[in-house]
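The values are calculated or read from the model by the stated rules, or taken from the named source; none is laboratory data. Here the structure is a predicted model, which is why all the values come from computation and not from measurement. Positions of Cβ are backbone-derived with ideal geometry, glycine not excepted, and every protein chain shown enters the neighbour counts.
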Amino acid sequence: MKPGHIILGAALVGAGALTPLWLPFGPVGGIALLALMRICWLEDNIVSDLFGRDRLPTGYRNTAALRRLFLMRWFGIWSEESRAEQSAHLMATAMRAEVQIWGTLLLGLAATLTATAAPFGPWVNGGLGLGLFVLALSRADRLAVTLAHCDAGRALPDHLLLPRSRRILAERKR
């Protein structure tokens, strides 16, 4: 694991925690809703399309090819096929990293909102906010592990890719 991975995770928690202090409540709620929708979409893709497969589904390969074509036509950037496009498990690992990024941001945001705006009184609000902040930092540790796997070009083991209960449900579907 590189030190930059831990710093990135801590910066994401900090950015999430400071966002409610900088922006009004409406835009913060909109950002949180969009992040939550992205997490749900990625989780569904990991479980339904990628987990337990050897090859990347055709739709994912076509989308990657179209993305490369778009970059070439509009920006003159030619990109080679990434390692994540070669394996369903590597693509799931990359998606897991994105889920963890959004999750750390949301937990940092929830920690500040709970500490400043929850209706339970200042001591309880502070305690709940602190608990959420510690949870966000533990998610940042998981993100650092996932980023280390992505940098090395390795896929996450199944127990880190999906929790046990979701692995069982995904295997029953097949």
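Here are some notes:
- In segment 41-69, the residues that are among the small types (Gly, Ala, Ser) reach residues that are assigned to a helix (DSSP H, G or I) and modelled with pLDDT under 85 with C-beta atoms within less than 6 angstrom, at least six apart or across chains, in these pairs: Ala64/Glu85.
- Checking the stated criteria, Thr63 turns out to be polar (S, T, N, Q), surrounded by fewer than 17 Cβ atoms within 10 Å (Cβ to Cβ) and either within 20 Å of the chain's Cα centre (by Cα) or over 21 Å from Arg154 (Cβ atoms) (or both).
- Hey, Arg142 in a helix (DSSP H, G or I), surrounded by fewer than 20 Cβ atoms within 10 Å (Cβ to Cβ) and modelled with pLDDT under 95 or not: yes
- Residue count, segment 154-168 (criterion: surrounded by fewer than 14 Cβ atoms within 10 Å (Cβ to Cβ) and within 16 Å of the chain's Cα centre (by Cα)): 1
- Residue in segment 45-62 that is modelled with pLDDT under 90, of a type in the set (A, V, I, L, M, F, W, C) and farther than 30 Å from Glu171 by Cα present: no
- Note on segment 81-136: residues that are among the polar types (S, T, N, Q), within 27 Å of Leu162 (Cα to Cα) and surrounded by fewer than 17 Cβ atoms within 10 Å (Cβ to Cβ) total 2.
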